[in-house]
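The values are calculated or read from the model by the stated rules, or taken from the named source; none is laboratory data. This one's a predicted model, so the numbers in the text were calculated from it and none came from an experiment. Every residue, glycine among them, receives a Cβ derived from its backbone with ideal geometry; neighbour counts consider all protein chains shown. Only protein heavy atoms, including side chains, enter the accessible area calculation; ligands, DNA and RNA are left aside. Shrake-Rupley method; radii C 1.70, N 1.55, O 1.52, S 1.80 Å.
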Amino acid sequence: MLRRDMNENEPGETEPARLGRDVIRVVHVEDDPGWREVIADQLPDHGFVVHSFADATSLADGLAVSSDADIILLDWDLPDVSGIQLLEELRQIGVELPVVFLTGYAFTAQENLAFETGAVDFIDKARGIEVLARRLRRLASVPKPTTGSPSASLVVCGKLVLNPNVGRAYWNDFDVDLTLVEYNIVHLLASNAGRWVNYRAVYDRVHYEGFVGGSGTNGYRTNVRGIIKRLRKKFLQHDETFAEIENFVGFGYRWAKPTGAG
């Protein structure tokens with residue numbers, strides 16, 4: 001039987017319908033009843049319908065509701081199954097909705113792990129509802145892939161083969177086991193093999209164009225360097241001579257042109 005939190009809003013009862021906005025449906029998983037109440041009470045004022053769940057088990061029971069959602073909003077420290085574990089489990093069962101972490105953590109380690117695992121944003125609860133609403137609305141405005149669209153061609157760059165249809169990267173015929181974020185970055189670099197791609201362009205593939213992250217004006221560069229370091233390690237596990245990702249200090253990265261390429 002479907003279980004929902006008592007703070008959940010029914011679509012016919014929320015403020016967005018009266019405001020005449022395009023309603024954005026959010027599934028919120030948070031074990032703190034105070035925060036569930038805040039999100040359920042205040043996000044509807046900004047054009048959202050919120051379905052709230054207290055833990056991973058409740059969400060699993062409510063996947064029928066979740067399938068109609070636009071965004072999943074997760075807390076980091078959930079009971080029994082953590083937020084990051086829940087994200088992994090959702091991907092394993094084929095739930096591909098964009099996942100955003102709303103958490104009390106503001107540490108780079110948690111943020112990087114979230115993006116490595118496939119989250120599209122990581123928001124500190126201290127930023128407030130106004131910022132949260134703007135970030136969620138911007139994410140929801142990103143066009144969704146059209147169902148039944150023609151299959152994309154493979155991208156081949158030397159030993160690298162990218163399959164855009166399934167988001168997989170292969171090196172010497174081995175699946176490199178990249179996360180979606182890592183795949184998108186490799187696709188960007190390999191599609192521009194031999195050309196330098198700046199830090200900002202790489203970071204835009206992690207989130208969306210113009211996203212501000214990290215500490216300070218250029219803090220996002222630290223996040224990019226961390227992701228590139230992990231990418232190199234994954235390729236090196238399959239080929240200890242791997243050196244295709246090159247760095248232009250202070251500017252960005254490029255994927256080396258295959259030997260003999262024009």
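Residues are listed down the side, and each one gets a yes or a no for (1) at pLDDT 85 or above; (2) of a type outside the set (Phe, Trp, Tyr); (3) not in a helix (DSSP H, G or I):
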| position | (1), (2), (3) |
| --- | --- |
| LEU59 | no, yes, no |
| ASP77 | yes, yes, yes |
| ASP80 | yes, yes, yes |
| GLN85 | yes, yes, no |
| ARG91 | no, yes, no |
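Residues are listed down the side, and each one gets a yes or a no for (1) under 16 Å from ASP77 (Cβ atoms); (2) surrounded by fewer than 19 Cβ atoms within 10 Å (Cβ to Cβ):
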| site | (1), (2) |
| --- | --- |
| VAL95 | no, yes |
| GLY104 | yes, yes |
| GLN110 | yes, yes |
| ALA114 | yes, no |
| ASP121 | no, no |
| GLU130 | no, yes |
| ALA140 | no, yes |
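Which one of ALA133, ALA114 is in a helix (DSSP H, G or I), at pLDDT 80 or above and touching a strand residue (DSSP E or B) at 6+ places or on another chain (Cβ under 6 Å)?
Answer to the check: ALA114.
Can we say ASN223 is modelled with pLDDT of 90 or more and touching a Gly at 6+ places or on another chain (Cβ under 7 Å)?
no
One line per residue, one yes/no per condition, for (1) open to solvent by less than 70 Å² (accessible area, probe 1.4 Å); (2) outside any loop (DSSP other than H, G, I, E, B):
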| site | (1), (2) |
| --- | --- |
| THR222 | no, yes |
| ILE228 | yes, yes |
| LEU231 | yes, yes |
| LYS234 | yes, yes |
| ASP239 | yes, no |
| PHE242 | yes, no |
| ASN247 | yes, yes |
| GLY250 | yes, no |
| PRO258 | yes, no |
Discussion item. Anything in the range 86-111 that is among the acidic types (Asp, Glu) and touching a strand residue (DSSP E or B) at 6+ places or on another chain (Cβ under 6 Å)? List them, or say none.
Written reply: GLU111
Worksheet entry | Selection count where residues are open to solvent by 70 Å² or more (accessible area, probe 1.4 Å) and either closer than 17 Å to LEU113 by Cβ or modelled with pLDDT of 90 or more (or both), scope the range 173-214 | 4
